[in-house]
Amino acid sequence: DAMVIQNPRYQVTQFGKPVTLSCSQTLNHNVMYWYQQKSSQAPKLLFHYYDKDFNNEADTPDNFQSRRPNTSFCFLDIRSPGLGDAAMYLCATSRDLALRADTQYFGPGTRLTVL
Amino acid sequence: QQQVKQSPQSLIVQKGGISIINCAYENTAFDYFPWYQQFPGKGPALLIAIRPDVSEKKEGRFTISFNKSAKQFSLHIMDSQPGDSATYFCAASKGSSASKIIFGSGTRLSIRP
């Protein structure tokens, strides 16, 4: 089945220790997004890639970086995780920014715990 | 202008009842209004969506009602079932900027057996 896959589903890291979260998609979508979702809150967009073009949200901390080596994969790097970065991290995809009423398809998320 | 206001924050409905969640927006440039359903520990999943050229869209037990003049839209779940217990997010986006989905704050729905 075509889908958005995130690995790992659960990640525990230590304060200040870099961590990388992975997302892959079999939908062949042009756009990939990373969201942060804290408990009982709506997802918050961190950044997105349109093909190879990276678009950062203005309020995304510098601590968060992303890489998209090819169409299928996208990585979220947290350089120095703080306690406040503990959250669910959601990857999503959509076909193309130019399409109206385009749907975003979400992966199952990675739950990050910072000790 | 960019906000989508959602209410109630939480909702308890008896099995078989109607669940109603309301959302309001300010930006008239929004032209796509999806609803997402999220179960604990899972990512949001698109439930149903509407464009402002129609006033109602129905898919099974789920109906979106859209009032363009009032800038409001709502989700109705008919014959609510325990399996509908989840968090529901309304959202809005502009076709020319589909990268930015503006989410409402979410409604935690519990269906009592």
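Picking from residues in region B:79-102 that are hydrophobic (A, V, I, L, M, F, W, C) and over 14 Å from B:L47 (Cα atoms), the one that is surrounded by the most Cβ atoms within 10 Å (Cβ to Cβ) is B:I101. Please determine, by comparing only the residues of region B:5-38 that are among the β-branched types (V, I, T) and within 20 Å of B:I77 (Cα to Cα), which one is nearest to the other protein chains (Cβ to nearest Cβ). Checked region B:5-38; the qualifying residue nearest to the other protein chains (Cβ to nearest Cβ) is B:I21. Could you name every one of the strands (runs of 3 or more DSSP E) located completely within region B:1-56 that has at least 1 residues being more than 13 Å from B:F89 (Cβ to Cβ)? Passing ranges, in order: B:10-14, B:19-25, B:45-50. From the list B:G83, B:G60, B:G41, the lone residue that is within 11 Å of chain A (Cβ to nearest Cβ) and either over 13 Å from the mean Cα position of the chain (by Cα) or within 22 Å of B:Q9 (Cβ to Cβ) (or both) is B:G41. Going by what's in this entry, would A:D51 be described as within 14 Å of another protein chain (Cβ to nearest Cβ) and on the phi > 0 side of the Ramachandran plot? Against the criterion (within 14 Å of another protein chain (Cβ to nearest Cβ) and on the phi > 0 side of the Ramachandran plot), A:D51 qualifies.
Screening B:I20 on (1) in contact with a Leu (Cβ under 9 Å, 6 or more places away or on another chain); (2) under 30 Å from A:R9 (Cβ atoms) shows it passes everything except condition (2). Against the numbered list (1) surrounded by 14 or more Cβ atoms within 10 Å (Cβ to Cβ); (2) farther than 24 Å from A:Q36 by Cβ, B:E56 comes up short only at (1). Look at (1) buried (at least 19 other Cβ atoms within 10 Å of the Cβ); (2) touching a residue at least 60 places away in the same chain (Cβ under 8 Å); (3) among the aliphatic types (A, V, I, L, M) and you find that A:L115 fails only one, number (1). Does A:L45 satisfy the condition of being touching a Lys or Arg at 6+ places or on another chain (Cβ under 8 Å) and under 29 Å from B:P8 (Cβ atoms)? Spelling it out, A:L45 is indeed touching a Lys or Arg at 6+ places or on another chain (Cβ under 8 Å) and under 29 Å from B:P8 (Cβ atoms). Residue-level check: of (1) of a type in the set (G, A, S); (2) touching a strand residue (DSSP E or B) at 6+ places or on another chain (Cβ under 8 Å); (3) farther than 23 Å from A:M3 by Cα, B:G60 misses just (2). The single condition from (1) out of contact with any Lys or Arg (no Cβ under 9 Å at 6 or more places or on another chain); (2) in a loop (DSSP other than H, G, I, E, B) that A:P108 fails is (1). Considering only residues in region A:66-96 that are among the polar types (S, T, N, Q) and not in a strand (DSSP E or B), the one that is surrounded by the fewest Cβ atoms within 10 Å (Cβ to Cβ) turns out to be A:N70. Is there a residue in region A:89-96 that is without any contact (Cβ under 8 Å) to a residue 24 or more places away in the chain, among the small types (G, A, S) and closer than 27 Å to B:Y88 by Cα? No, region A:89-96 contains no residue that is without any contact (Cβ under 8 Å) to a residue 24 or more places away in the chain, among the small types (G, A, S) and closer than 27 Å to B:Y88 by Cα. Put simply, of B:S7, B:S65, B:S69, B:S55 the only residue that is touching a residue at least 24 places away in the same chain (Cβ under 8 Å) and of a type in the set (S, T, Y) is B:S7. Looking across region B:82-103, the residues that are at pLDDT below 95 and of a type outside the set (A, V, I, L, M) come down to B:S93, B:K94, B:G95, B:S96, B:S97, B:S99, B:K100, B:F103.
The values are calculated or read from the model by the stated rules, or taken from the named source; none is laboratory data. From a predicted model like this one, the values you see are computed outputs, not experimental measurements. Methodologically, a virtual Cβ is constructed for each residue, glycine included, from the backbone with ideal geometry; neighbour enumeration extends over all protein chains shown.
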